[in-house]
Every structure is written in C-alpha cells, then in structure tokens.
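Reading through the structure tokens given below for one structure.
What follows is calculated from the coordinates using simple rules that are stated; it is not laboratory data. Fair warning: this is a prediction, and the values are worked out from it, not measured in the lab. We place every Cβ from the backbone using ideal geometry, glycine too, and count neighbours over all the protein chains shown.
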Amino acid sequence: QVQLVESGGGLVQPGGSLRLSCAASGSIFSIYTMGWYRQAPGKQRELVAHITRGGNTIYADSVKGRFTISRDNVKNTVTLQMNSLKPEDTAVYYCNTSPVTSSWGQGTQVTVSS
C-alpha cells in the first residue's frame, strides 16, 4: 500500500492557476498508475486525471486542455497543474492509485471564487 499526502490547494479567482502536489511513501510507488481525484460538495468522488508509470495520461473531459498531470518516480511525487480554473472545479482534491488501492489521504481543498 502507498501512503499519500496532498498539498497545494487554496482559494483562487476564476481563470487562475494552482499546482497540487502529492507525496507518496512506499518503495513500489513507481509501478502504480497514479491519479488525481476530486469530490465536490454533494457529489461523488471522480477521477480527474491519471498517469501511468510510463507517463501516459488520461483526463476527464471537463479538465482537458486545462489540467496537466505529471510524476517523478525518483521523488515519489505526483503533480497536478491546474490552469484556467472555473468555479465548478471547486472540490477537495485527492491523489491515489488508479484504480484505487490505498487509503485516502486528507486531500487538499481547492476553491475557485471571485
């Protein structure tokens, strides 16, 4: 199992940017496909993007062209660069394996509001 700690959230105006980071412990991090998920109030948690160990990526249609996921298999980190943020991106963001195999971390709150 991989232990996960997310950071980098905050309050940003529409059109702004944020960079989320996920620090993962565990020596086998590099073999997992890693994903960023989000959960908005009253909604189910959804997969936003994932990246394979080889660097192949997929994105939810709602974030394509605005978000970029990346990983560093040496530092055991996964990053989500979020640009052109919209109010509907407001949620708690989590990282985990894809599909989910680890316990959820505390997540990091992203609020997009003017």
Could you name the lysines in cross-link range of Lys86, using Cα to Cα under 25 Å and dropping any fewer than eight places away on the same chain? Lys43, Lys64
Counting other C-beta atoms within 10 Å, and keeping those with at most 16, which DSSP coil trypsin sites (Lys or Arg not before Pro) do you find in region 57-114? Lys64, Arg66, Lys75
How high is the relative contact order of the chain, in percent, with contacts defined as C-alpha pairs under 8 Å that are six or more residues apart? 37 percent
Quick check for me: using +1 on Lys/Arg Cβ and -1 on Asp/Glu Cβ, what's the dipole size of the chain about its Cα centre, in debye to the nearest 20? 100 debye
What is region 74-114's relative contact order, in percent, from Cα pairs under 8 angstrom and six or more apart in sequence? 42 percent
Lys and Arg at +1, Asp and Glu at -1: add these up for the other residues within a Cβ distance under 15 Å of Gly9 and post the number. 0
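Counting other Cβ atoms within 10 Å of each Cβ, which GluC sites (Glu not before Pro) in region 1-95 have at most 10 and sit in a DSSP loop? Please list the in-between numbers first.
On the way: sites: Glu6, Glu46, Glu88; in loops: none.
Nothing satisfies the criteria.
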